[in-house]
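See below for the structure under consideration.
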């Protein structure tokens with residue numbers, strides 16, 4: 001999939017209209033998947049066609065180059081019209097090999113597609129259910145605020161535990177099948193990158209700002225998700241950095257929201273220092289992933305141009 005990255009980036013940047021861009025990004029992965037499979041099958045047919053053309057004297061009637069490609073195609077697809085037949089041992093062997101390759105290709109593609117769409121469905125099931133708890137686009141602050149207002153902070157550990165399993169599944173499937181990363185959510189303002197980021201921010205706030213409850217599950221998720229972000233960053237060769245990606249006034253606003261929701265929060269200066277240090281271990285890489293895949297901007301994740309505009313206006 002690495003060869004498709006320049007195409008993805010170039011085309012996405014050229015589309016100014018947001019709705020048209022979303023339509024393109026939504027169709028890109030399925031079309032690319034089908035295109036790669038067609039290219040694979042075409043390459044096999046052309047390869048066998050070249051072999052048949054090299055031993056064309058063992059075919060009856062002796063075909064032209066186009067006829068050799070045609071015979072390779074009907075052999076690969078196991079159609080076998082009988083208008084061209086192998087007459088020599090080498091031609092018969094290659095004909096059997098081409099037919100076996102066709103069967104193997106169909107079996108491999110079927111298994112591959114089931115794996116791809118199974119992993120996609122599992123990923124999106126969590127994204128959709130997570131959106132009911134963290135909003136759309138998802139936000140780590142909203143997740144904590146929602147659980148605090150409903151008085152179910154004790155259930156937050158189950159969310160982090162579920163997130164560990166979900167993130168581990170993404171890490172395994174998206175490195176095994178990188179094209180999965182290009183598949184977009186079918187729901188507006190939601191994405192798997194946004195869900196990872198929101199949960200990461202929630203766990204970071206839980207570890208550095210919130211005094212209520214034990215931090216164990218938040219710590220486990222934070223480590224798992226940072227592992228996910230780091231491995232995806234290395235695989236896709238994104239830039240890395242060590243900045244928090246959040247301004248102090250944004251952190252203070254989040255702290256106030258959580259305090260008003262009924263949570264016990266730490267002193268602002270000390271919490272900000274710890275928060276910015278921990279978020280700096282993943283924020284830059286996460287925003288590189290979010291920016292590349294053009295996810296719907298979420299709180300603290302994705303397009304931060306609004307923040308630069310805000311600061312410029314304030315000056």
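Where a number appears in this text, it was derived from the coordinates with a stated rule and is not lab data. Remember, predicted model here, so these are calculated numbers, not experimental data. Note that we place each Cβ from the backbone using ideal geometry, even for glycine, and neighbour counts take in every protein chain shown.
Restricting attention to the alpha-carbon atoms of the range 202-261, what are Rg (one decimal) and Dmax (integer), both in Å?
14.1, 41
Quick one: helix 89-134 against the long Cα principal axis of the chain, what's the angle to the nearest 10°, folded into 0 to 90?
Helix 89-134 and the main axis of the chain meet at about 20 degrees.
Ratio of Rg to Rh for the range 139-205, alpha carbon only, Kirkwood? Write down the numbers at each step before the final one.
Working: Rg = 13.4 Å, Rh = 13.1 Å.
That ratio is 1.03, to two decimals.
Over the range 67-107, what per residue volume does the convex hull of the Cα atoms give, in whole Å³?
54
Using helices alone, I'd like the mean residue ellipticity at 222 nm for the chain: each DSSP H run of four-plus residues gives -39500 (n - 2.57), total over residue count, nearest 500.
-23500 deg cm²/dmol
Compute the normalised compactness of the range 21-111: alpha-carbon radius of gyration over 2.2 N^0.38 Å, N being the residue count. Working shown, then result.
On the way: Rg = 16.0 Å, N = 91, 2.2 N^0.38 = 12.2 Å.
Cα Rg divided by the expected 2.2 N^0.38 Å: 1.31.
Using only Cα atoms, locate the centre of the range 191-222 and the centre of the range 78-157, then give the distance between them in Å, rounded to an integer.
Here the two parts' Cα centres lie 28 Å apart.
Roughly what would the spin-label model give for residue 40 and residue 77, points 7 Å off Cα along C-beta, in nm?
Calculated label separation equals 1.9 nm.
In whole percent, what relative contact order does the range 122-221 give with Cα contacts below 8 Å and a gap of six or more residues?
Details: 99 pairs, mean separation 40.4, N = 100.
About 40 percent, as a whole number.
Explain nothing, just the number: relative contact order of the range 116-314, from Cα pairs under 8 Å at least 6 residues apart, as a whole percent.
Relative contact order comes out at 27 percent.
Quick one: helix 268-279 against the long Cα principal axis of the chain, what's the angle to the nearest 10°, folded into 0 to 90?
Roughly 10 degrees, rounded to the nearest 10.
Taking the chain as the reference, fit the longest principal axis to its C-alpha atoms, fit the long axis of helix 140-149 to the helix C-alpha atoms, and give the angle between the two in degrees, 0 to 90, nearest 10.
Approximately 50 degrees, to the nearest ten.
For the range 162-315, count all C-alpha to C-alpha pairs, find those more than 25 Å apart, and express that count as a whole percent of the total.
Details: 3559 of 11781 pairs.
I get 30 percent for the Cα pairs in the range 162-315 exceeding 25 Å.
Beyond 20 Å, what share of the Cα-Cα pairs of the range 85-145 remains, rounded to the nearest whole percent?
60
If you take the alpha carbon radius of gyration of the chain and divide it by 2.2 N^0.38 Å, what ratio comes out, to two decimals?
Here the answer is 1.34, to two decimals.
Sorting check: for 181-189, 220-228, which peptide has the highest mean count of neighbouring beta carbons within 10 Å, and how do the rest follow?
Numbers: 181-189: 17.3, 220-228: 20.4.
Highest to lowest by the protection proxy: 220-228, 181-189.
Please list, in order, the residues from the range 182-199 whose amide nitrogen is less than 17 Å from a point placed 7 Å along the Cα→Cβ vector of residue 257.
Label zone hits: 189-191, 194-199.
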